[in-house]
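Working notes, structure below.
The values are calculated or read from the model by the stated rules, or taken from the named source; none is laboratory data. What you are looking at is a predicted structure, and each value in this text was computed from that prediction instead of being measured. Using ideal geometry, Cβ is built from the backbone for each residue, glycine included, and neighbour counts are taken over all protein chains shown. When the accessible area is computed, the model is the full protein with side chains, heavy atoms only, and any ligands, DNA or RNA have been set aside. Shrake-Rupley method; radii C 1.70, N 1.55, O 1.52, S 1.80 Å.
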Amino acid sequence: MDLNVILSQLETVNDNVIEKLLRQYNRENSRTFSFDQKEESLRSKLCQGVLSVLGRQVQPSCQKTCLETLRILSRDKRVLAPVATREGILILGGMARLNAGENGDDNHQKSSQDDTQSDEKERVVVEALKCLCNVVYNSPAAQQVSVDVQLAHGLCASLGMARTWHHEVGLFTLRLLFLLSALRPDVRGILRREWHAVRLLTEMLEHTLHVSWVGPYEAACPDPQALPLPAEDNERAMEALKALFNLTLSDAGGEEDDHQFRLIAAILRHLLMLKTETEEKTEEAHSHAINLLNNLPVSCLDVLIDVPVQGGLEIYGGKNMDIVQMLIDFMEKRIDKGSNYKEGLTPVLSLLTEGSRHHREIRRYIKAQVLPPLKDVKIRPEIGTTTRNKLVRLMTHVDMGVKQSAAEFLFVLAKKAVSIVDNLLKYTGYGNAAGLLVARGLLAGGRGETQYSQDEDSDTEEYKSAKPFINPITGHVEEPMPNPIEEMTEEQKEYEAQKLVNMFDKLSRQNVIRPMGVRPDGTLAPLEETLCDPPEDSGSDSD
């Protein structure tokens with residue numbers, strides 16, 4: 001459609017003509033995401049013209065159509081200058097009911113309106129929120145203006161009315177809050193301290209997930225016969241989790257924060273026990289919950305297992321391990337997917353690692369599931385379908401972050417009062433664990449700097465009998481190999497040995513390889529440095 005025709009009609013006072021033209025433009029461009037650069041100036045003028053129409057007193061149906069046009073245009077970040085102004089953001093914020101201090105009387109429905117008009121105004125609010133999401137995402141200038149006009153304050157005021165939200169109003173209000181807190185880190189502190197956004201989001205989650213409290217920081221266990229969490233509730237919950245993730249990225253202190261974080265942990269425990277209408281959406285919601293749990297102080301993780309009303313296992317101090325088992329299952333499911341380990345797997349590995357490091361019962365339970373006492377040591381540790389096999393394979397993954405996360409997790413699980421290194425190597429083999437040991441300076445053995453509590457770890461009879469025959473490098477009992485030098489004469493043996501020495505000498509002189517050794521502290525160093533005698537103390541013997 002010719003943009004010049006639309007622009008020529010925008011200055012008229014005939015709302016019907018404007019609405020008709022814009023509706024046609026919207027139909028033709030509803031799926032347009034790449035625009036013709038030759039018409040860039042015309043689209044910019046159209047943005048300005050649509051804003052001028054929205055600034056007038058026009059009918060809700062015309063407002064909705066104008067906002068739909070603006071939403072389509074806002075996909076092009078090069079034409080947003082007219083919208084990324086104080087006037088533009090205030091107009092959109094007013095229609096989204098986010099700036100009650102500015103033209104507040106225009107943002108509320110009159111009681112005399114009928115249901116049809118009320119629905120039309122709700123659609124106007126939704127379209128305005130969608131426009132703001134696009135504009136804030138695509139325009140740094142709009143982000144700054146949003147901060148200047150305190151758009152986040154209006155978002156928090158809207159959070160206070162979450163119980164009365166229509167679904168899409170709530171969804172895009174939360175999405176806008178997420179975008180603003182993600183793109184403007186300087187706003188996060190203001191949202192937390194001045195406008196209590198963390199508390200408001202927590203209350204909204206509690207209401208959306210239908211949490212019923214049975215004790216301090218303990219939500220009632222979901223009814224197994226209950227219907228799955230509705231898709232709309234799940235969508236709003238995920239947007240709230242994403243916004244909370246941004247707001248909890250920085251640490252905060254104080255008893256009030258500790259209470260709030262424990263409350264969040266309890267709600268997240270409840271969420272992790274829920275199922276939604278599809279398995280895919282359930283996994284996505286659980287993934288967001290795990291990401292947020294990683295931001296909470298590790299001391300708050302005891303809320304996940306300390307649920308007296310629901311009880312727990314006596315052998316783990318009466319702690320309830322349902323969530324820990326769910327996290328283990330989630331981790332294994334992400335490993336089995338075989339892709340996107342960086343974002344999909346490392347958060348749950350990190351959560352299980354920190355939980356194990358700081359909470360003895362969690363570590364004991366996970367170790368029993370992941371590193372049970374060894375029986376069959378005839379197969380290499382990285383071969384097989386057990387959780388241990390899968391984690392050991394990750395210890396040599398090409399992605400450094402994934403490799404370190406898996407190795408650190410197994411290292412924490414393998415801690416033992418006698419020797420952590422020996423215990424780790426028992427389950428993984430030296431070859432798989434070498435990278436971690438080098439990074440921690442433990443190639444010479446030892447326990448590292450971390451203090452660990454006593455832990456029972458009885459070896460099985462099968463392992464004890466096979467232990468002398470286990471290859472420490474591969475971590476399993478190998479079939480005996482024929483000795484290649486048995487049938488050689490002494491002259492042949494001497495010749496092959498000298499040949500090998502010459503090869504290593506040549507490679508070393510050409511700097512292809514560099515012989516290395518291990519210092520007394522367990523770190524690697526050039527071989528010549530590790531062979532040198534320690535210098536004697538030099539003192540002055542003056543008579």
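A compact table of results
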quantity: Some residue of segment 63-86 being open to solvent by less than 20 Å² (accessible area, probe 1.4 Å) and charged (D, E, K, R); calculated: yes
quantity: Residues located in segment 384-410, provided they are hydroxyl-bearing (S, T, Y) and outside any helix (DSSP H, G or I); calculated: T385, T386, T396
quantity: Out of A142, A128, sole residue that is over 15 Å from Q63 (Cβ atoms), of a type outside the set (S, T, Y) and at pLDDT 95 or above; calculated: A142
quantity: Unique residue being within 26 Å of C300 (Cα to Cα) and out of contact with any Phe, Trp or Tyr (no Cβ under 6 Å at 6 or more places or on another chain) when the list is I366, I383; calculated: I366
quantity: Exclusive hit being assigned to a loop (DSSP other than H, G, I, E, B), open to solvent by 10 Å² or more (accessible area, probe 1.4 Å) and in contact (Cβ under 8 Å) with a residue 24 or more places away in the chain, set P347, P381, P373; calculated: P373
quantity: Residue within segment 51-61 that is under 20 Å from E122 (Cβ atoms), in contact with an Asp or Glu (Cβ under 7 Å, 6 or more places away or on another chain) and part of a loop (DSSP other than H, G, I, E, B) present; calculated: yes
quantity: Considering residues of segment 167-201 that are of a type in the set (V, I, T) and crowded, with 19+ Cβ neighbours inside 10 Å only, the residue nearest to the chain's Cα centre (by Cα); calculated: V198
quantity: Test result for R43, modelled with pLDDT of 95 or more and open to solvent by less than 60 Å² (accessible area, probe 1.4 Å); calculated: no
quantity: Unique match (being of a type outside the set (V, I, T), closer than 23 Å to A289 by Cα and at pLDDT below 95) among G160, G170; calculated: G160
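A quick yes/no check of all residues on (1) within 26 Å of Y341 (Cα to Cα); (2) open to solvent by 10 Å² or more (accessible area, probe 1.4 Å); (3) touching a residue at least 40 places away in the same chain (Cβ under 8 Å); (4) acidic (D, E):
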position: P230; (1), (2), (3), (4): no, yes, yes, no
position: D233; (1), (2), (3), (4): no, yes, no, yes
position: T276; (1), (2), (3), (4): yes, yes, yes, no
position: E284; (1), (2), (3), (4): yes, yes, yes, yes
position: D302; (1), (2), (3), (4): no, yes, yes, yes
position: G312; (1), (2), (3), (4): no, yes, no, no
position: Y316; (1), (2), (3), (4): no, yes, yes, no
